[in-house]
Amino acid sequence: MARINLNLRDPRSRDASPINIVIRWNGLRLVYPSGERIAPRHWSTKAQRAKASLTTSPEFNRNLSAIVDKVEGAYLRFLNDNDQRTPSAGELRDRLDIALGRKAGDGPRTLFAFIRDFITKAQDRVNPDTGASALLRPP
């Protein structure tokens, strides 16, 4: 199983510092941005969460826990999809991009998703014979 830690990029900063997710597995290491920031004075290095001194710490910590759960899920899903083969750092980064919504996945498409996509792209289609939009020509 992968080991996941949350670390501040710059723990000595006076301003809010980005929180990095550090994932270690089978001798590999990936540092991935969580998208969250916090002032170092409100960060507990031991607990890897926000201290109670931060007024929004319960919500902030729940959000961090949800991110960690998505990271674990992406790692386990990769193992299940690839006959327990461990991912490379690039493969795991791609899975995390999809799991955290930073990149669209190439998952299975439903009929309705195809239809919505077709309708959206139909407005930009051009008829090669007339140069007019496909929706504007008469029937």
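Taking the condition without any contact (Cβ under 8 Å) to a residue 12 or more places away in the chain and more than 16 Å from the chain's Cα centre (by Cα), does I115 pass? So I115 fits the description; yes.
Quick one: which residue in A99, A66 is closer than 17 Å to A2 by Cα, within 20 Å of the chain's Cα centre (by Cα), surrounded by fewer than 15 Cβ atoms within 10 Å (Cβ to Cβ) and modelled with pLDDT of 80 or more?
Values: A99 fails: surrounded by fewer than 15 Cβ atoms within 10 Å (Cβ to Cβ).
Just a single option satisfies the conditions, and that option is A66.
Residues to consider are A47, A89, A39; find the one that is farther than 20 Å from R3 by Cα and over 13 Å from the mean Cα position of the chain (by Cα). When all the criteria are applied, what remains is A39.
Within segment 49-95, being in a helix (DSSP H, G or I), touching a residue at least 40 places away in the same chain (Cβ under 8 Å) and closer than 14 Å to W25 by Cβ holds for V71, E72, Y75, A89, L92, R93.
Can you tell which of S57, S53 is surrounded by 15 or more Cβ atoms within 10 Å (Cβ to Cβ) and among the polar types (S, T, N, Q)? First the steps, then the outcome.
Numbers: S53 fails: surrounded by 15 or more Cβ atoms within 10 Å (Cβ to Cβ).
Just a single option satisfies the conditions, and that option is S57.
Count of segment 29-50 residues, restricted to those that are farther than 14 Å from L8 by Cα and open to solvent by less than 70 Å² (accessible area, probe 1.4 Å), is 1.
The values are calculated or read from the model by the stated rules, or taken from the named source; none is laboratory data. As the structure is a computational prediction, the values presented were derived from the model and not from experiment. Here the Cβ is made from the backbone with ideal geometry for all residues, glycine too, and neighbour counts use every protein chain on show. Quick note on the areas: whole protein, heavy atoms, side chains included, nothing else; ligands and nucleic acids left out. Shrake-Rupley method; radii C 1.70, N 1.55, O 1.52, S 1.80 Å.
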